[in-house]
Amino acid sequence: MPRLHLIEYQEDLRLCEDETGLLVGPTDQRLHLAGLYATNLRGGRYYAKAARDADLRPGRLVRLIPEPDNPHDPSALAVHPEQGPGPVGYVNKAKARSWSKLLAEGVRLRAISLRGTGPGKPCNAVAVLAADPKVIDHLLSPRPIGLPAPVFLRSH
């Protein structure tokens, strides 16, 4: 299991290193090597109504739906809420290719919202994290007692 846990940060979920308490950004190269895949969704303005109607609060499950018949991109990967219609956005093209390949190879990915809002609220941005289901469960579990407190670095 990765030595990380998800913690609440402002209104989002962020990855926090167990040993240091430092936050790990979604573009950190180590995530991909650990089988963790994070991205901000694309196309939000086109899917604003679906996102507003969905429960995309941080930690909620979302579904990754490959769209091989998509006329714009055969590797398109739509993100739908666990319940209700979608999509609420798409994984960007480069990441969609690699994530779709993993899914086609039979890799089990569970995806959750890292950033989003609850039903009936405007949703300006959605970010998701995907990984093996057991890894997602681990990341969502409480950080063990005795670990360094999360470090929230502030820019001046």
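The values are calculated or read from the model by the stated rules, or taken from the named source; none is laboratory data. Just so it is clear, the structure is predicted and the values come from calculations on it, not from any experiment. Reconstructed Cβ throughout: ideal geometry from the backbone, glycine too, with neighbour counts over all protein chains shown. We work out accessible area using only protein heavy atoms, side chains counted, and drop any ligands, DNA or RNA first. Shrake-Rupley method; radii C 1.70, N 1.55, O 1.52, S 1.80 Å.
The GNM of the chain, with springs linking C-alpha atoms under 10 angstrom apart, assigns the highest mean-square fluctuation among Leu109, Leu33, Leu22 to Leu33.
Candidate values (1) 57, 30, 30; (2) 61, 33, 32; (3) 50, 37, 31 were compared with Cα extents along the principal axes in Å computed on the shown model; the agreeing label is (3). Surface composition of region 44-156: carbon plus sulfur atoms contribute 56% of the solvent-accessible area (1.4 Å probe, protein chains only, all chains present). In whole angstrom, how far apart do the alpha carbon centroids of region 35-51 and region 52-129 sit? Value for the Cα centre distance between the two parts: 6 Å.
Treat every Asp and Glu Cβ in region 37-156 as -1 and every Lys and Arg Cβ as +1, leave all other atoms uncharged, and give the resulting dipole magnitude about the Cα centre to the nearest 20 debye. All intermediate terms of the calculation are to be shown ahead of the outcome.
Numbers: 18 positive and 9 negative charges, 83 e Å.
With only Lys, Arg, Asp and Glu charged at Cβ, the dipole is about 400 debye.
Compute the Cα gyration tensor for region 24-97, then decide on rounded, prolate or oblate, letting a ≥ b ≥ c be the square roots of its eigenvalues: rounded whenever a/c is under 1.5, prolate when a/b is larger than b/c in the other cases, and oblate in all that remain.
Working: a/c = 1.97, a/b = 1.22, b/c = 1.61.
Verdict is oblate for region 24-97.
For Ala48 and Ile65, calculate 0.36 nm times their separation in residues minus their Cα-Cα distance, and state this gained length in nm to one decimal.
Details: separation 17, 0.36 × 17 = 6.12 nm, distance 1.81 nm.
Extending this stretch completely gives an extra 4.3 nm.
Counting only lysines at least 8 places from Lys93 when in the same chain, those with an alpha carbon closer than 25 Å to its own are Lys49, Lys101.
Within the chain, the longest run free of trypsin sites (Lys or Arg not before Pro) that sit in a DSSP loop with at most 12 other Cβ atoms within 10 Å is 46-107.
Ranking Pro81, His5, Gln29 by how far each Cα lies toward the positive end of the dipole of the chain (charges on Cβ) leaves Pro81 at the top.
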